[in-house]
Amino acid sequence: MLRVGVMVSGGGTNLQAILDAIDAGKLTNARVVVVISNNPGAYALERARKHGIPAACVSPKEFGDREQFNEALVAKADEYELDLIVLAGFLVKIPQQMIDKYEHRIINIHPSLIPSFCGVGYYGLKVHEAALARGVKLTGATVHYVDGGMDTGPILLQKAVKVQEGDTPEVLQRRVMEEAEWVILPEAIHQIANAKQSQKEGGDNR
Ligand code: GAR
């Protein structure tokens with residue numbers, strides 16, 4: 001069973017999609033063992049509690065400097081012996097020590113087709129504003145592994161979504177979530193969890 005930690009900053013609809021997929025039996029061999037937020041007011045924490053999942057907050061405001069915050073964030077994740085960290089709308093730069101420690105074990109959902117509309121300054125609604133300003137006809141979402149750069153790690157899954165006449169950033173954001181993010185994020189975790197499982201089974205058979 002893959003032990004998953006989900007890191008969030010806001011509403012947590014992607015977290016909800018993961019929990020729903022587990023409950024529906026579409027995402028197997030994985031369990032969300034903790035939800036961690038940098039923001040004490042994140043509704044995602046409430047979603048975790050409602051599901052009986054430990055909800056932790058590590059806020060930069062509680063620490064004297066960034067380094068202390070980074071250490072506390074890594075220490076919190078370490079408490080739960082995680083196999084996979086899922087960034088589901090986590091809008092804080094991941095500390096390098098976490099990237100090194102959890103190499104190939106951190107994935108992120110980004111609301112565009114990377115390499116479009118990604119990198120520094122592209123998060124949340126800003127991504128959809130930029131897509132509409134450029135006039136693209138297709139956008140979508142990407143799940144990728146996290147490396148030292150911003151949205152630069154290897155891509156696991158992508159799904160395209162059509163832009164429609166008259167879309168506002170909010171309308172487009174919602175469509176990208178419904179048609180792409182909430183589909184490919186649980187799917188990516190399922191693939192990782194079940195690849196691990198078959199490796200283990202393979203190992204047992206030898
Ligand atoms: C999602 O659209 C996610 O793709 C985006 O933040 C939103 C969080 O929503 N992430 C980024 O922009 C990362 N660069 P949620 O809290 O409802 O899941």
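Computed from the coordinates by the stated procedures, all read-outs in this text should not be read as laboratory data. This is a predicted model, so every value here is computed, not measured. Here the Cβ positions follow ideal geometry from the backbone for every residue, glycine too, while neighbour counts run over all protein chains shown.
Quick notes on this structure:
- Per-selection Kirkwood Rh - the stretch 148-198 (Cα, Å, 1 d.p.): 12.9 Å
- Highest mean packing first, where packing is the average number of other Cβ atoms within 10 Å per residue, the peptides 81-91, 22-32 line up as 81-91, 22-32.
- Restricting the calculation to Cα atoms, the stretch 16-58 shows an Rg/Rh of 1.00 when the hydrodynamic-style radius is the Kirkwood one.
- Cross-link reach is defined here as a Cα-Cα straight distance under 21 Å, omitting same-chain residues fewer than 8 places apart; for residue 61 the lysines meeting it are 76, 93.
- Each residue, residue 195 and residue 65, gets one label point 7 Å from its Cα in the Cβ direction; the gap between the two is 3.8 nm.
- 27 Å Cα-Cα reach of residue 26 towards lysines, excluding residues that sit fewer than 8 places from it in its own chain: 50, 159, 162, 196, 200
- Modelled spin labels at residue 75 and residue 158, positioned 7 Å past Cα toward Cβ, are 4.0 nm from each other.
- Of the residues 41, 140, 11, the one that moves most in a GNM of the chain with alpha-carbon contacts below 10 Å is 41.
- With only the Cα atoms considered, the chain has a convex hull volume of 125 Å³ per residue.
- Expected-Rg normalisation [2.2 N^0.38 Å, Cα atoms] applied to the stretch 59-137: 1.32
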